[in-house]
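Everything below concerns the one structure shown next.
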Amino acid sequence: MKFLVVDDSLTMRRIVCNALREIGYSDYVEAADGVQAIEKMDADPVDFVITDWNMPNMNGLELTQSIRANPVIDQVPILMVTTRGMKEDVMEAMQARVNNYIVKPFTPEILDDKIQMILKTA
Amino acid sequence: MKALPINEILHRLDELRTVSVLGQRAMPFFEEVLGFLREVVPILDEVDSSIRVSTTKMMPTAASRLASVNQATELATTEIMDLVDETYAKVKQTKEKIDLSKTYLDAMHAVDGQLEKMLESHLGETVLLGDVKALLNKQASLRTTMSETLNAKSLTLDEIRNNMNNIMISLQVQDITSQQIASVSHLIESVRSRLAKFEGQLGSGSLENFLDASPPTNVAFDGHASYDHSGTKQALAEEVMADFEPQVPQEAPLPPAGDPNISASTDEIDTLFNGEACPATRSDEPASADDISAMFGDGVTSPLDANETDSADNIEVTFGGGTSGQPAGGETASTDDINAIFGTCVSERQPSPDRAPTSGDDALGNSASQAQTDKLFDSGEGKTSPRYEADDFYQKDL
């Protein structure tokens with residue numbers, strides 16, 4: 001399974017990728033914002049997107065909307081990993097049709113749980 | 001030269017007299033304004049220079065320092081992560097070697113068992129066999145001790161690995177704090193750009209030539225980000241997700257079947273924008289002048305008729321406020337009328353007790369005193385003048 005990790009913070013990308021390795025997934029690509037993510041997805045399809053919300057150029061919510069609006073990739077599971085933990089934020093993300101939501105800081109165990117949960121229902 | 005009727009000449013002379021009276025009455029007011037401006041200008045100059053220093057030096061420095069803090073923490077975090085990754089790799093390598101050693105020990109145990117069986121079959125029950133078995137048992141005991149040591153080491157390595165994971169998790173603090181710092185930096189930038197605009201209006205406006213007065217709009221941070229390990233936010237997110245029911249976007253109702261060329265009525269447009277039809281007008285009635293006045297002003301009908309051109313009289317009526325007691329159209333304003341306009345600020349004035357009249361004062365000695373100027377800026381008693389407050393502020397900042 002190939003993951004796309006989208007975050008403008010290099011630190012966070014490394015942390016997410018390390019966590020993915022920790023839970024047994026070693027195939028991943030990285031992108032620094034939504035625009036890069038779309039480019040990467042166009043160039044090489046991915047099976048799962050893990051994205052931050054607050055990013056320059058195209059944020060995670062816009063990325064989600066863009067993916068969901070594209071019939072070629074609209075079924076790709078999306079997991080939002082963000083600092084935004086307000087009720088309205090979660091609702092907005094769910095309305096944009098993310099599959100699940102993690103509030104930072106997170107542990108590899110939570111990440112694993114969420115991935116398994118999404119893959120079961122996908 | 002065309003001869004003018006005497007009445008016309010008298011009328012014009014009356015107008016001239018009125019203008020003269022207006023000038024006499026208005027002059028003290030303008031002098032007072034000038035006096036006030038003379039007091040205010042130095043204060044504004046100081047405010048201007050204070051804002052200039054803040055916007056050109058202090059605020060950009062603060063913002064760039066915050067940016068460098070973010071860069072430094074990101075760099076340090078990357079270095080820590082490199083070390084964590086390196087340690088992680090070494091732990092993994094050591095653990096693999098321990099597992100291999102345990103496999104060797106198991107293999108040695110199997111070899112010893114085979115050796116014991118061979119000796120039993122060749123030597124039978126002899127003293128030598130007993131000695132060999134004792135040695136083999138001792139060797140087995142040593143292997144067990146070694147295996148237990150390796151297991152303990154393996155557990156220690158697991159703990160180290162767990163700690164490494166926790167360090168990695170804790171390093172998420174860098175991302176969270178960087179968002180908090182970015183939020184503060186954005187706030188400073190916003191204040192700076194507004195001050196720059198203000199300074200541009202207040203002073204020379206030169207700041208606008210080299211400062212981007214518009215605050216950055218491409219913001220990529222969460223101002224409410226917090227480093228919270230308690231899991232409260234995640235629990236809330238879970239709760240929201242569990243209760244979430246996607247809202248199906250409601251499609252706009254289709255227009256009733258009929259002529260497709262019929263355009264939307266005003267009521268429909270009002271309903272679209274306001275949620276209800278405007279009660280003041282009906283779509284089939286043209287808007288009256290009163291409606292338009294009510295829309296743009298305070299509902300008072302303009303004294304001007306839409307079909308009339310603006311005569312001097314109309315202008316007088318308009319500037320007279322359209323209130324009762326003002327001269328009717330066609331009459332020139334009398335001295336009393338002018339007094340009525342300026343009256344409250346001219347006729348009721350008393351001589352200032354603060355100082356003797358000077359050349360810039362009117363007959364009653366009226367001009368803005370320092371106390372009056374101060375009062376304008378500072379209504380509290382016993383406070384220092386704004387000039388000193390500005391100095392204090394500047395000193396504190398420096």
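What number of residues within the stretch A:19-44 satisfy the criterion of being facing another protein chain (nearest Cβ under 10 Å), part of a helix (DSSP H, G or I) and free of Cβ contacts under 8 Å to residues at least 60 places away in the same chain? Let's see the steps before the verdict.
Initial filter on the stretch A:19-44 (facing another protein chain (nearest Cβ under 10 Å)): A:19, A:21-22, A:33.
Cutting the leftovers down to part of a helix (DSSP H, G or I) gives us A:19, A:21-22.
Now restrict to residues that are free of Cβ contacts under 8 Å to residues at least 60 places away in the same chain: A:21.
The total comes to 1.
Look at residue A:102 and say whether it is under 21 Å from residue B:170 (Cα atoms), of a type in the set (A, V, I, L, M) and surrounded by 16 or more Cβ atoms within 10 Å (Cβ to Cβ).
Considered against the rule, which asks whether it is under 21 Å from residue B:170 (Cα atoms), of a type in the set (A, V, I, L, M) and surrounded by 16 or more Cβ atoms within 10 Å (Cβ to Cβ), residue A:102 comes out as yes.
Filter the stretch B:122-172 down to residues that are of a type in the set (Val, Ile, Thr), modelled with pLDDT under 90 and assigned to a helix (DSSP H, G or I), then give me how many there are.
Narrowing the stretch B:122-172 to residues of a type in the set (Val, Ile, Thr): B:126-127, B:132, B:144-145, B:149, B:156, B:160, B:167, B:169.
Of the ones still in play, those that are also modelled with pLDDT under 90 are B:126-127, B:132, B:169.
Narrowing the set further to residues that are assigned to a helix (DSSP H, G or I) leaves B:127, B:132, B:169.
Total satisfying the criteria: 3.
Mind listing whichever residues of the stretch A:76-91 are in contact with a Lys or Arg (Cβ under 6 Å, 6 or more places away or on another chain), facing another protein chain (nearest Cβ under 7 Å) and under 18 Å from residue A:6 (Cβ atoms)? Let's see the steps before the verdict.
From the stretch A:76-91, those in contact with a Lys or Arg (Cβ under 6 Å, 6 or more places away or on another chain) are A:79, A:83, A:85; that's our starting set.
After this cut, where a residue has to be facing another protein chain (nearest Cβ under 7 Å) as well, the list is A:83, A:85.
Matches in the stretch A:76-91: A:83 only.
Given the criterion part of a helix (DSSP H, G or I), β-branched (Val, Ile, Thr) and more than 10 Å from every other protein chain (Cβ to nearest Cβ), identify the matching residue among A:73, A:50, A:115, A:110.
Details: A:73 fails: part of a helix (DSSP H, G or I); A:50 fails: part of a helix (DSSP H, G or I); A:110 fails: more than 10 Å from every other protein chain (Cβ to nearest Cβ).
Result: A:115 is the single residue among A:73, A:50, A:115, A:110 that is part of a helix (DSSP H, G or I), β-branched (Val, Ile, Thr) and more than 10 Å from every other protein chain (Cβ to nearest Cβ).
Cβ-Cβ under 8 Å, sequence separation 6+ or interchain: first residue in the stretch A:52-69 and aromatic (Phe, Trp, Tyr), partner assigned to a loop (DSSP other than H, G, I, E, B). Which pairs?
Every condition considered, the pairs that remain are A:53/A:59; A:53/A:83; A:53/A:84; A:53/B:222.
Quick one: which residue in B:117, B:57 is under 30 Å from residue B:181 (Cα atoms), surrounded by fewer than 14 Cβ atoms within 10 Å (Cβ to Cβ), modelled with pLDDT under 90 and of a type in the set (D, E, K, R)? Break it down stepwise before answering.
Details: B:117 fails: under 30 Å from residue B:181 (Cα atoms).
Just a single option satisfies the conditions, and that option is B:57.
The values are calculated or read from the model by the stated rules, or taken from the named source; none is laboratory data. Predicted model, so just to flag it, every value in this text is computed and none were measured. As a convention, Cβ positions derive from the backbone with ideal geometry for all residues, glycine included, and neighbour counts pool all protein chains shown.
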